[in-house]
Amino acid sequence: MQKPAPLDFPVHDLIRDRWSSRAFANKPVEPAVLTSLLEAARWAPSSNNEQPWAYLVATKNDAEAYAKTLSVLVEFNASWAKDAPVLILAVAGLKFHANGTPNRNAFYDTGAATALLTVEAKERGLRPVRRRPRRARRYGRDGGQTSVRNSRGLGAHCSHRRRLSGRSQFAPPKAARS
């Protein structure tokens, strides 16, 4: 399914055609594909080449890990993310490994890595969806060394999407876009 974004200026098709799905086909994502997505993220630029990101990946093949990952999402997001064959949490390391000082760029760098993961997923016909978990602290405590930044539902799009809420899709006015 194609849903090209309305553009003000030309961009690459991978960016223009990227959109978030809330309906997923009941089809697993191959481990080799997941490894390639993580490899794409690994090549993101980062401050001092720190690569402060880590990804917690749960597939439906591991019911316990999947349930634990799903449990950190807010109820509305969990209601549709439960159909995704893969859930991914992006984690940012908040301190530099070499000297333990705060890494003020950790969230930015983790976002850059996740953007590359998303573009690679799109190229492979998958639909990653970003959602910020609100209850991520349940996942474990590490004394403030890391922070869960966002989550991803990942899978092939299912074209017969059911309506999940009365909310409509909206784009901010052009003046509000950054």
Could you check the range 21-117 for helices (runs of 4 or more DSSP H) lying wholly inside it with 1 or more residues that are hydrophobic (A, V, I, L, M, F, W, C), under 26 Å from P4 (Cβ atoms) and under 16 Å from the mean Cα position of the chain (by Cα)?
31-42, 75-81
Taking the stated definitions as given, is L87 at pLDDT below 95, within 20 Å of L14 (Cβ to Cβ) and touching a helix residue (DSSP H, G or I) at 6+ places or on another chain (Cβ under 9 Å)?
no
Would you confirm, using the coordinates I've provided, whether N77 is of a type in the set (S, T, N, Q), at pLDDT below 95 and either surrounded by fewer than 19 Cβ atoms within 10 Å (Cβ to Cβ) or within 21 Å of T110 (Cα to Cα) (or both)?
no
Of all residues in the range 6-24, how many are at pLDDT 75 or above and in contact with a Phe, Trp or Tyr (Cβ under 7 Å, 6 or more places away or on another chain)?
0
Would you call L38 in contact with a Gly (Cβ under 7 Å, 6 or more places away or on another chain), modelled with pLDDT of 90 or more and not acidic (D, E)?
no
Quick check: is even one residue across the range 41-56 surrounded by 19 or more Cβ atoms within 10 Å (Cβ to Cβ) and either farther than 28 Å from V11 by Cα or free of Cβ contacts under 8 Å to residues at least 12 places away in the same chain (or both)?
yes
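The values are calculated or read from the model by the stated rules, or taken from the named source; none is laboratory data. Because the structure is predicted, anything quoted here is derived from the model rather than measured. As a convention, Cβ positions derive from the backbone with ideal geometry for all residues, glycine included, and neighbour counts pool all protein chains shown.
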